[in-house]
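Working notes, beginning with the structure itself.
The values are calculated or read from the model by the stated rules, or taken from the named source; none is laboratory data. Computed from a predicted model, the values in this text were never measured in an experiment. Every residue, glycine among them, receives a Cβ derived from its backbone with ideal geometry; neighbour counts consider all protein chains shown. We work out accessible area using only protein heavy atoms, side chains counted, and drop any ligands, DNA or RNA first. Shrake-Rupley method; radii C 1.70, N 1.55, O 1.52, S 1.80 Å.
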Amino acid sequence: MEKKPKEARTPLTGFASLNEDLVQNILKRTPASSFASAACVCKSWNQTCNQILSKPKLASAFSLNPDQKVASQEVVNKVLSEPIRPQFAIANVIGSGVDLSETLNFLAAKLGSKTPIIVSCANGIIGRDAATDEHQEVMLEDFWADAASKNSGFGVLLTVGFLPGLQVEAIPLLRPRKAASRMALVDKFVIDIRNYAANVSGSTSPALVIMFGGEKAEQKPVMEKLDHAMSRETFIAGDERAQFLYKSGIESRNVHGSGTEYISDAVVLVFARDRHRASDVGEIQFHSALSSGVSTIGPRYKVVSVKEIQPETDLTTCLKARREGEQEILGGQRIIDDINNELVNKTELFIGVSKQRQCVIGSENPKLSRSLAFHEVKRGDGEHLFISGDGIGSGDYFHFYHSDPKAALSSCSNVSKNFRNLKLDWRSCQLHAGGVGSKEVVGGLVFSCWGRGESFFGHSNVDSSPFLDNFPGIPMAGIFCYGEVGRGFTMLNADDHEDQEEQTSCCCLHVYSTIYVLVSYTPAPLKH
């Protein structure tokens, strides 16, 4: 029987002829909506799309369009202009009369109902313009002045991330609306965070916590318990006082709204390492740094007596104090005058109080904790010093601190130098390993005091400079806060005085400072 001649194969044409690397290069630049369709083309494209989505990514952009809906659409379009699997989202808005619920609902519809989202009001935003890709630090006061001629102003910064090997959830700090004490459920809040981290990672301490505190809630006791409960490896960063809304991936945690039983005094995004991550997933690491913008001045004082008063605006502590080693009790105004006489220029004053307290969570045994807490100095009279906030006790010691642009600029340079050294260390390790397992920089987050910025330093983009100078191409996003949350640092300027106790005290709520969080990724070793 005569064999039939083999038919000639039709040469591959069009997309079918593209090699895998070229296909991946094209697909990873495809907008998210088109990318979803591309994943359905064929099995090989689906595998390629999954490979792209499995890589870590941080995407961020802001819009200053005065129309809230248009601005929100612009940042979503920019952030989703390349493929990303939304694992969490943070939106920070500036402007007056902003409807946070509108932004939250819009983002939930675009990013998925299971994506944890936090929307907050900020005093300024840091990032790249969605339209021009220009990096800017936009302060609220300057923004209002520019927007005045247009009769309205709105700005929104959107940050969306996917960090493989981690799981992320939004957990609120609740306060009962109708309870007699109306005290926030701080112990439950801490235990909820630890339980979530333990369920995901096997450890009660997460890798990172990003926190947004309520604008009228006192966060010092919250941070003291969080600091006590977490290992030193847990970084905490965020905004101490802000108006916010959130959406958790777990519906039972979504309790905001006038008809609910609870009020949210704070919310956190908890990043916990997934103990069940696949073997081909690398490791995310967080690297934190602090640029302090205050310096100590004057002698050390000891609190003799305290009295807390509750005016209409905020809680105030009036105290009597004396210099350490002396017996004379000094009037508050005299103390302030002595400090101002040492200053070249009159600046904002704070006291940094060294505290030693017994801390207990739930039914656990109490443990001694040591912390440094900043309080704004309001005024003084013939007897008392009037200080914002509470929690100061008789026998506590304190130093005066003042805002200091030179100290801030110097510490910002130190942060930049530390990032540069970190980059050099990574490069050295990469050379020794032959390029295997080299670190990739995913992105950066910035939480800066609203009192800093161009008016503080005299020129722009100083707070952004550690990232811009060392990692100019990475996605970065930041806000100007009314109180910077930063846990994992001892006092940067502690060597300026001899107080060893204050040097070793942990400070979680800062003033005139900037907190940096750098995110890196080490790919898993290749299988042979």
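Just give me the residues in the stretch 347-402 being in a strand (DSSP E or B) and open to solvent by 30 Å² or more (accessible area, probe 1.4 Å), in sequence order.
Q356, R357, Q358, K367, L368, R370, E376, K378, R379, Y397, listed by residue number.
Restricting attention to the stretch 341-377, report how many residues are modelled with pLDDT of 90 or more and among the small types (G, A, S).
3
Please go through the stretch 332-346 and give me each residue that is open to solvent by less than 10 Å² (accessible area, probe 1.4 Å) and under 15 Å from D381 (Cβ atoms), ordered by number.
Passing the criteria: G332, I335.
Listed here are the residues, each with its yes/no results for (1) closer than 23 Å to S448 by Cβ; (2) open to solvent by 10 Å² or more (accessible area, probe 1.4 Å).
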{"position": "K188", "(1), (2)": "no, yes"}
{"position": "R194", "(1), (2)": "no, yes"}
{"position": "S201", "(1), (2)": "no, yes"}
{"position": "T204", "(1), (2)": "no, yes"}
{"position": "M211", "(1), (2)": "yes, no"}
{"position": "E215", "(1), (2)": "yes, yes"}
{"position": "K220", "(1), (2)": "yes, yes"}
{"position": "L226", "(1), (2)": "yes, no"}
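Hey, among I126, I84, which residue is at pLDDT 95 or above, crowded, with 18+ Cβ neighbours inside 10 Å and within 30 Å of Q285 (Cα to Cα)?
The conditions single out I126.
In the stretch 70-93, what count of residues is obtained for those that are assigned to a helix (DSSP H, G or I) and of a type in the set (S, T, Y)?
1
Do the conditions hold for R323, that is, is it surrounded by fewer than 19 Cβ atoms within 10 Å (Cβ to Cβ) and modelled with pLDDT of 95 or more?
yes
Within the stretch 256-291, can you find the residues that are aliphatic (A, V, I, L, M) and either on the phi > 0 side of the Ramachandran plot or surrounded by 15 or more Cβ atoms within 10 Å (Cβ to Cβ) (or both)?
Once the filter is applied, which keeps residues that are aliphatic (A, V, I, L, M) and either on the phi > 0 side of the Ramachandran plot or surrounded by 15 or more Cβ atoms within 10 Å (Cβ to Cβ) (or both), the stretch 256-291 yields I263, A266, V267, V268, L269, V270, A272, V281, I284, A289, L290.
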